[in-house]
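What follows is a set of notes on a single structure, which appears directly below.
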Amino acid sequence: MSTIYILWLREVKRYLRSRPQIIASLAQPLLYLLVLGFGLGPVFQSSGQGSYIQFIGPGVIGMGILFTSIFSGIGLLWDRQFGFLKETLVAPVPRLQIMAGRTLGGATIAMIQGTLVLIVCMVAGFRPQSFGAIPMALMFMALTAIVFAALGTAIGSSLKDMQGFQLIMNFMVMPIFFLSGALFPLTNLPTALTVATRLDPMAYGVDGLRAAFIGLSQIGVATDAIVLAIVATLFLILGARAFSRIQV
């Protein structure tokens with residue numbers, strides 16, 4: 001457990017020291033929130049759907065968690081490039097603990113990022129329906145962060161260069177985000193698009209956050225939690241297998 005804690009703490013400290021990165025990472029959620037939130041707000045409201053800022057807020061929070069957690073796999077490639085990973089892997093500790101520490105560190109960073117995005121959303125006018133739902137929102141933030149931090153670790157463990165990771169992430173992240181329902185309701189969609197959204201783990205995270213913050217769920221809170229827990233377990237297993245095969 002001490003190994004998991006040390007690696008978790010290292011990842012969190014590395015994130016907290018990179019203040020310019022923290023500020024820069026808020027730019028994209030802020031862009032979506034302000035441009036789409038206020039730009040499409042009148043259209044959304046005229047269709048009888050209410051405030052678009054209220055609707056898009058949980059989606060933007062989920063986007064911050066998604067991007068931060070899945071890109072935590074880049075840290076694995078940096079450590080491999082500069083030799084820290086080799087020093088860690090030759091230590092007399094199980095690789096599973098190393099992988100768990102790094103993944104939990106990435107998930108914690110993603111939750112911090114999601115909290116910062118929530119603050120930005122509230123400044124822009126987003127208001128949670130009830131602050132009593134914050135614990136449920138934190139649960140969905142944690143589940144989403146673990147899912148994609150584990151996925152980032154699995155992908156980072158399977159690659160050896162930064163360029164390959166960035167190509168794969170750019171190919172995966174944007175479809176995952178746009179199919180999550182962060183920007184549009186998941187009701188009355190074409191059959192093919194409905195199937196695609198149901199296969200996207202992020203859709204369950206966004207739906208859970210929306211249920212917690214504004215009381216709106218299009219899938220079901222219990223289903224959201226169960227699917228995220230199952231996918232998190234699956235990705236953790238895949239990440240552990242990929243990490244155990246890294247050659248020193």
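The values are calculated or read from the model by the stated rules, or taken from the named source; none is laboratory data. Computed from a predicted model, the values in this text were never measured in an experiment. Neighbour counts are summed over all protein chains in view; Cβ atoms, including those assigned to glycine, are modelled from backbone coordinates with ideal geometry.
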Out of (1) over 20 Å from ILE61 (Cα atoms); (2) surrounded by fewer than 17 Cβ atoms within 10 Å (Cβ to Cβ), what's the single condition that is false for ASN170?
(1)
Taking the residues in region 70-86 that are closer than 30 Å to VAL123 by Cα and either surrounded by fewer than 24 Cβ atoms within 10 Å (Cβ to Cβ) or in contact with a Leu (Cβ under 8 Å, 6 or more places away or on another chain) (or both) as candidates, determine which candidate is modelled with the lowest pLDDT.
PHE71
Checking the condition crowded, with 16+ Cβ neighbours inside 10 Å, assigned to a loop (DSSP other than H, G, I, E, B) and either aromatic (Phe, Trp, Tyr) or at pLDDT below 85 (or both), which residue from PHE148, PHE126, PHE213 passes?
PHE126
